[in-house]
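Report on the structure given below.
Where a number appears in this text, it was derived from the coordinates with a stated rule and is not lab data. This one's a predicted model, so the numbers in the text were calculated from it and none came from an experiment. Note that each Cβ is placed from the backbone with ideal geometry, even for glycine, and that neighbours are counted across all protein chains shown.
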Amino acid sequence: MGRFLFFRKISSFQVIGLGFLSVIICGALLLFLPFSTQAGQSTSFLDALFTATSAVCVTGLVVQDTATHWTLFGQIIIILLIQIGGLGVVTAVASVSMLTRRKIGLRQRNLMQEAFSTNYLSGIVKLTSFSIKFTFLLEGIGMVLLFIVYFPLYGFAKGLWYSVFHAISAFCNAGFDLMGINEPFSSLTSFHQNPIVNITIMGLIVVGGLGFLTWDDIRKNKLCYKKYGMQTKTVLFVSTVLIVFPAIYFFFGEFQSYAMSTRFFGSFFQSVTMRTAGFNTLDLAKCSEAGWMLMIILMLIGGSPGSTAGGMKTTTIAILFANIKAVFWRREDSTLFKKRVPEEVIRQAAVILMMYLTLFLSTGMIISRLENIPLMVCLFETASAIGTVGLTLGITTKIGTISHILLIILMFFGRVGGLTLIFAANRGIKKTHSRYPKDHITVG
């Protein structure tokens with residue numbers, strides 16, 4: 001009876017956080033088993049925990065090469081963790097209920113509502129069902145396209161497995177790959193000139209990163225742009241800007257030494273993958289610090305709400321710029337596409353920005369001091385972790401235990417969400433209706 005009351009008392013935010021944590025621990029224990037590694041010996045528990053966290057949080061940072069260190073069993077565990085993490089623990093559990101035709105109660109519907117970051121409870125089961133079907137459909141299409149390339153190279157069985165693994169990893173914006181068989185930690189650099197691999201992976205990343213809410217709106221209203229909601233319009237506009245303009249910079253500013261086809265695909269691929277996917281086709285270590293800084297910004301922004309991607313989210317940045325515009329033009333309301341943004345949402349966006357900047361900067365400084373590594377390289381690593389991206393400049397395998405633990409915390413924070421963790425921790429705080437007197441303070 002006491003256990004039942006305990007579960008009744010915990011909030012939706014706490015359930016989501018504990019759900020992700022439980023899956024991470026279970027995954028780490030499975031990866032810790034001797035037959036998960038090709039050497040037949042248990043990997044260190046910290047490495048297993050780091051890998052499980054990176055997989056569930058769809059990040060892609062690794063301390064062991066996925067293809068050469070883990071057995072087929074270990075790789076299956078990793079891809080299952082990625083699929084659960086990409087869909088979300090709540091959605092994954094709900095899919096089991098749907099398959100077994102169990103009744104979904106109000107408690108579960110509330111959880112699903114929080115998992116998708118939507119204000120509407122009505123139709124949440126249909127949205128969840130659509131998300132699951134949409135995920136498997138797109139992953140299936142991606143698998144078929146990748147199989148066209150992988151089958152001639154690796155044969156039927158291995159080509160099929162590689163196609164399944166990379167399709168799921170790309171759609172879930174995870175960035176895990178099995179191309180270490182060519183060169184450890186090489187990601188997709190051996191396919192930088194292959195149009196099918198480039199376009200397929202980019203397409204899966206973009207579709208997964210736009211969010212299920214966006215695709216559900218498009219499904220309902222087809223190509224009638226005027227009927228789209230403010231969030232859908234914002235997501236589509238900001239995502240387009242964040243793909244096109246960085247690609248132009250990479251094309252003219254960073255990858256001039258490559259052949260034209262490689263330069264074109266490489267510029268767009270890096271622009272797409274920076275926002276939480278974690279694959280790379282070109283050597284990022286050769287880019288300038290200005291290029292790294294742009295990559296850091298893209299990694300922190302991330303994907304869109306209710307998607308497989310992490311980061312602060314495209315809508316957060318749009319809301320902050322809308323508020324800046326309102327202040328500059330001395331308008332009372334912040335607006336997006338002729339719709340007013342609620343004051344509470346603006347406050348939440350500001351809090352999210354400050355949380356991400358504080359954690360990304362402070363952790364980067366700590367790792368730089370602990371490991372005696374240049375600050376910019378460490379900031380790239382921490383932005384990659386908290387944005388659940390998975391790109392690195394080569395230091396993930398070289399840093400120590402404390403730094404790895406810090407990255408684990410950042411990955412968990414980036415996937416579960418800062419506000420979710422704060423609301424989960426502050427559930428017991430009671431609201432007060434009293435207000436302090438107002439006074440003036442100067443800013444700027």
Inset, instruction - Determine the equivalent ellipsoid of the chain by diagonalising the alpha-carbon gyration tensor, then write out the semi-axes as square roots of 5 times the eigenvalues, largest first, rounded to whole Å. - result: 32, 27, 24
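With a cut-off of 8 Å between alpha carbons and a minimum separation of six or more residues, what is the relative contact order of segment 247-303 in percent? Working shown, then result.
On the way: 41 pairs, mean separation 20.8, N = 57.
Relative CO of segment 247-303 lands at 37 percent.
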Inset, instruction - For every other residue with a beta carbon closer than 14 angstrom to the beta carbon of Ala67, add +1 if it is Lys or Arg and -1 if Asp or Glu, then tell me the sum. - result: -2
Inset, instruction - Project the alpha carbons of segment 245-395 onto their principal axes and report the range along each, largest first, in whole Å. - result: 49, 41, 29
Legend entry - Relative contact order for the chain, counting Cα pairs under 8 Å that sit 6 or more residues apart, in percent: 18 percent
Inset, instruction - Can you tell me the order of 230-236, 281-287 when each peptide is scored by its average per-residue count of other Cβ atoms within 10 angstrom, highest first? - result: 230-236, 281-287
Legend entry - Given Lys313/Lys339; Lys313/Lys338; Lys133/Lys227; Lys222/Lys325; Lys103/Lys226, the pairs whose alpha carbons are separated by over 27 Å: Lys222/Lys325; Lys103/Lys226
Inset, instruction - Tabulate in residue order the Karplus-calculated ³J(HN,Hα) for segment 373-382, using 6.51 cos²θ - 1.76 cosθ + 1.60 with θ = phi - 60°, rounded to whole Hz; enter x for Gly and Pro. - result: 10, x, 4, 4, 5, 5, 5, 4, 5, 6
Legend entry - Shape of segment 188-333, Cα gyration tensor, a/c cut at 1.5: oblate
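Size of the dipole of segment 218-334 about the Cα centre, Lys and Arg at +1 and Asp and Glu at -1 on the beta carbon, nothing else charged, in debye to 20? Can you show the working numbers first?
On the way: 13 positive and 5 negative charges, 152 e Å.
About 720 debye.
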Inset, instruction - Compute the relative contact order of segment 296-411 as a whole-number percentage, counting only Cα pairs closer than 8 Å that sit 6 or more residues apart in sequence. - result: 25 percent
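Once the other residues with Cβ under 14 Å from the Cβ of Ser307 are scored (Lys, Arg +1; Asp, Glu -1), what is the net sum? Write down the numbers at each step before the final one.
Numbers: positive: Arg275, Lys313, Arg415; negative: Asp216, Asp217.
Neighbourhood net charge equals +1.
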Legend entry - Cut-off 15 Å between beta-carbons: net charge of the residues surrounding Phe255, Lys and Arg +1, Asp and Glu -1: 0
Legend entry - Whole-Hz couplings from phi, Karplus 6.51/-1.76/1.60, listed for segment 349-361; x for Gly and Pro: 4, 5, 5, 4, 4, 5, 5, 5, 5, 5, 5, 5, 6
Legend entry - Rounded Å value of the spacing that divides the Cα centres of segment 256-282 and segment 367-383: 24 Å
